[in-house]
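Enquirer: Before I ask anything, let me first share the structure, which is written out below as structure tokens.
The values are calculated or read from the model by the stated rules, or taken from the named source; none is laboratory data. Just so it is clear, the structure is predicted and the values come from calculations on it, not from any experiment. Note: ideal-geometry Cβ built from the backbone for every residue, glycine included; neighbour counts use all protein chains shown.
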């Protein structure tokens, strides 16, 4: 039901009220039969149940996704319809590579702050398992005139056959995470960043091991219980993330072979795996939240999206986005109690933290006269990250916002800085603060 | 327009196998596409010498994508390179003086000679470059940087500075065989920041056919920060003689950098000129530049249709060859007027009426044979050498407006004109350059385009030869 008074121009603060995600599981595994809409349905349904929000209050859904279902790319609207939310709950789907989830959340916050909406569900999902295998364009161009065009003669069929040789050119290709402009696979970019920033194999494996240990501890301690909902699949229930390896060690990781270069350093152990999953966040205007009796968890102080040349250091973007978000929040790194960075590759995270600690980087790339600062290990990715928890592209941003918002609400920490790298040379960052 | 020693693989093999006393020229690496953010992506550049430019070089090279190799005995030599290295993730590598490490190779050598003061100091050239010169990759680059001799306080200093140029010219002849080039750059005190664009050009494949040249980087013309890519975005450029050859190549390159190019040629060349303009999304202007009203028409057209012009390339030229004794007066007049008189008349009008906008770039075509002298070309050489004097004098007058004025002097370029030369003469002319081959119209166009960019603000009053280091000329 349309119920909105016109709120345009009303200045209001957007607050995060709650967040839920599905367990993150390895692609081509337990969620094989669930596409990104199904996963989105599950996360949002659980969010609705856990927050007990009245469906009538919801204005819209903003969703992030990377591999969008081609038959219904506007996942947000499909979720609203699947869950039989009021017809008036509008939906839009955005895509900004691995920053899509954060993009959805900040779009929702912006809409609330502008007075466009009061209650918005934002999140993201991805199912690499359900990536459509496209016919190569060559096959489409050869076949389409026959299939959809005018009546063909036997000669036309022969002509089409001739166009489709060699046969390998027309077989469907496996999807891979390669840059369209450079053709470079993301792991190759991480490999080159490791070399250029002099990040050793050992440092990467240490970081990866720590990520797994921290995530495993968080799961064991029940830290994620309030954030993760069980998922029912045709084969049974999935209760927990299945990528985390609490028993891994630097020694075990050291045995893995480099994947992207013969003498390389990037392995399956220090790279984030292909993952299926979804995460959803409930945002409201502070006034609305208080009126409905919710206790706000956190709010955005700033965010920033930047880009660098993908042919240079594809995943260095956060090293520029994070300082920019800090500037926007009029804060310095030392004012931040908690840093949470998306872990695409250990090499990428360590390249970014190295750049943040570099005076030279600050001077040349940021126009600052001193380094942004050292990221303190004890306040950095304290519950692990994408290496250990997994990385369903569109869901990661909303997962991070949920975990960080809960941490700010419950730990006494006041401020947090998020950083996400993304394909295309994109970088994303946000500063959050606790709402007391 | 084919050089069989370059294009015919069998001929190359045959000459090499038979050990014929013909040097087989190396195919030059050339740039494809418009200006890039990192023209030196992943290149290894040896940085050496004694001078004050270490941090300028560090900034410039790492930003352009190169890995610096720094000669020194202690980690402290790397100091200026650490910060920029971290900024662009191009960590410098320290190499000990003396013998180069086994297997080490570099794509370019940059020698900072700004600290050299006495003839004894010139030994540094030998000490630093000798161990590495045979480690230079194909299509390699050597840039020797110094202070201008003219600014020296003592004759000894001036002598030392001038020495750098002779060294570089000779070195260029030695490394031309593998497609490499060497040039010297003399940078005025206070103009160091203007080195960046010059280095990006001279170390990149865009300078493939420029060798043995001295460049003088000065503060003569005013100018600010310049873009690294899409360098002529929003600019209007006039190219005379744009229907074919160097003019056509230049028009295409200027357009690729974002300029709107006004292609000017004689009314008789309407068809080819319009085709060029159409292909690059430019405009056509059909004027005979020797007409008395040509300056008026050109100025009016540029002002009315485009509100002015930013880049003027005086490329139209003509030869009317005869020895002086046999030359008819009209042949004299025509060659001198088209090559020099018309250039001056049009330039004067564009400046007088402020049709050329602040920060403008004027590039005139001179010629190596104009500079060196050539039998049968007294008229042509008078005109083309006149251009050298013209740009030098005008540069001093218009620098305040941020306008630079330069000349390009092409050597042997593979064009319709040179293709019509007798085979034997053509073969000799080709092999007379340090790189053992002729240049292409694009090579000349690249030099013109570079001088047209905002980044080339440090160069004014120069005559740059695009000749592959030809034996003739100065």
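Enquirer: Of the residues that sit in segment B:94-105 and are part of a loop (DSSP other than H, G, I, E, B) and touching a strand residue (DSSP E or B) at 6+ places or on another chain (Cβ under 8 Å), which one is farthest from the other protein chains (Cβ to nearest Cβ)?
Expert: B:97
Enquirer: So, of the residues in segment A:193-208 that are surrounded by 18 or more Cβ atoms within 10 Å (Cβ to Cβ) and not in a helix (DSSP H, G or I), which turns out to be nearest to the other protein chains (Cβ to nearest Cβ)?
Expert: Going through the qualifying residues, I end up with A:197.
Enquirer: Right, something else. Tell me yes or no: at least one residue of segment B:106-125 is out of contact with any helix residue (DSSP H, G or I) (no Cβ under 6 Å at 6 or more places or on another chain), in a loop (DSSP other than H, G, I, E, B) and crowded, with 16+ Cβ neighbours inside 10 Å.
Expert: Looking for residues that are out of contact with any helix residue (DSSP H, G or I) (no Cβ under 6 Å at 6 or more places or on another chain), in a loop (DSSP other than H, G, I, E, B) and crowded, with 16+ Cβ neighbours inside 10 Å, one finds at least one in segment B:106-125, hence yes.
Enquirer: Touching a residue at least 12 places away in the same chain (Cβ under 8 Å) and more than 14 Å from chain B (Cβ to nearest Cβ): which single residue out of A:372, A:401, A:352 fits that description?
Expert: After applying the criteria, what remains is A:401.
Enquirer: Among the residues of segment A:71-79, is any in contact (Cβ under 8 Å) with a residue 60 or more places away in the chain and surrounded by fewer than 24 Cβ atoms within 10 Å (Cβ to Cβ)?
Expert: Our first condition is that a residue be in contact (Cβ under 8 Å) with a residue 60 or more places away in the chain; within segment A:71-79, this holds for none.
The answer is no; no qualifying residue exists.
Enquirer: Here's something else I'd like to know. Give just the number: which of (1) surrounded by 19 or more Cβ atoms within 10 Å (Cβ to Cβ); (2) over 22 Å from the mean Cα position of the chain (by Cα); (3) in contact (Cβ under 8 Å) with a residue 60 or more places away in the chain does residue B:342 not satisfy?
Expert: Among (1) surrounded by 19 or more Cβ atoms within 10 Å (Cβ to Cβ); (2) over 22 Å from the mean Cα position of the chain (by Cα); (3) in contact (Cβ under 8 Å) with a residue 60 or more places away in the chain, the lone unmet condition for residue B:342 is (3).
Enquirer: Let me ask something additional. Go through segment A:297-311 and report how many residues are within 14 Å of chain B (Cβ to nearest Cβ) and part of a strand (DSSP E or B).
Expert: Residues flagged as within 14 Å of chain B (Cβ to nearest Cβ) and part of a strand (DSSP E or B) within segment A:297-311 amount to 1.
Enquirer: Related question: Within segment A:367-408, work out how many residues are assigned to a helix (DSSP H, G or I) and buried (at least 19 other Cβ atoms within 10 Å of the Cβ). Walk me through it before giving the result.
Expert: From segment A:367-408, those assigned to a helix (DSSP H, G or I) are A:377-379, A:386-389, A:393-408; that's our starting set.
After this cut, where a residue has to be buried (at least 19 other Cβ atoms within 10 Å of the Cβ) as well, the list is A:386-389, A:393-408.
Residues in segment A:367-408 being assigned to a helix (DSSP H, G or I) and buried (at least 19 other Cβ atoms within 10 Å of the Cβ): 20 in total.
Enquirer: So, in segment A:268-296, how many residues would count as being more than 21 Å from the chain's Cα centre (by Cα), assigned to a loop (DSSP other than H, G, I, E, B) and either within 23 Å of residue A:183 (Cα to Cα) or free of Cβ contacts under 8 Å to residues at least 60 places away in the same chain (or both)?
Expert: Result for segment A:268-296: 1.
Enquirer: Identify the single condition in (1) assigned to a loop (DSSP other than H, G, I, E, B); (2) within 14 Å of chain B (Cβ to nearest Cβ); (3) in contact with a strand residue (DSSP E or B) (Cβ under 6 Å, 6 or more places away or on another chain) that residue A:320 does not satisfy, given that it satisfies every other one.
Expert: (1) is the only condition that residue A:320 fails.
Enquirer: Please give the helices (runs of 4 or more DSSP H) falling wholly within segment B:1-93 in which 2 or more residues are more than 29 Å from residue B:147 (Cα to Cα) and away from chain A (no Cβ under 11 Å).
Expert: Numbers: elements: B:4-7, B:9-18, B:54-63, B:79-88.
In segment B:1-93, the matching helices (runs of 4 or more DSSP H) lie at B:4-7, B:9-18.
Enquirer: Quick check, is residue A:357 within 14 Å of another protein chain (Cβ to nearest Cβ) and either surrounded by fewer than 24 Cβ atoms within 10 Å (Cβ to Cβ) or in contact (Cβ under 8 Å) with a residue 24 or more places away in the chain (or both)? First the steps, then the outcome.
Expert: Values: within 14 Å of another protein chain (Cβ to nearest Cβ): yes; either surrounded by fewer than 24 Cβ atoms within 10 Å (Cβ to Cβ) or in contact (Cβ under 8 Å) with a residue 24 or more places away in the chain (or both): yes.
Yes.
Enquirer: Just wondering, is there one or more residues in segment B:268-276 that are in contact with a strand residue (DSSP E or B) (Cβ under 8 Å, 6 or more places away or on another chain), outside any helix (DSSP H, G or I) and either within 22 Å of residue B:355 (Cβ to Cβ) or at pLDDT 95 or above (or both)?
Expert: no
Enquirer: So, one more: Test residue A:340 against the stated conditions and say whether it is over 19 Å from residue A:189 (Cα atoms), in a strand (DSSP E or B) and more than 14 Å from chain B (Cβ to nearest Cβ).
Expert: Against the criterion (over 19 Å from residue A:189 (Cα atoms), in a strand (DSSP E or B) and more than 14 Å from chain B (Cβ to nearest Cβ)), residue A:340 qualifies.
Enquirer: Within segment A:377-395, can one find any residue that is more than 23 Å from residue A:17 (Cα to Cα) and within 14 Å of another protein chain (Cβ to nearest Cβ)?
Expert: The answer is no; no qualifying residue exists.
Enquirer: Here is a follow-up. Regarding residue B:281, is this residue under 22 Å from residue B:250 (Cα atoms) and surrounded by 17 or more Cβ atoms within 10 Å (Cβ to Cβ)?
Expert: No; evaluated as a whole, the condition is false for this residue.
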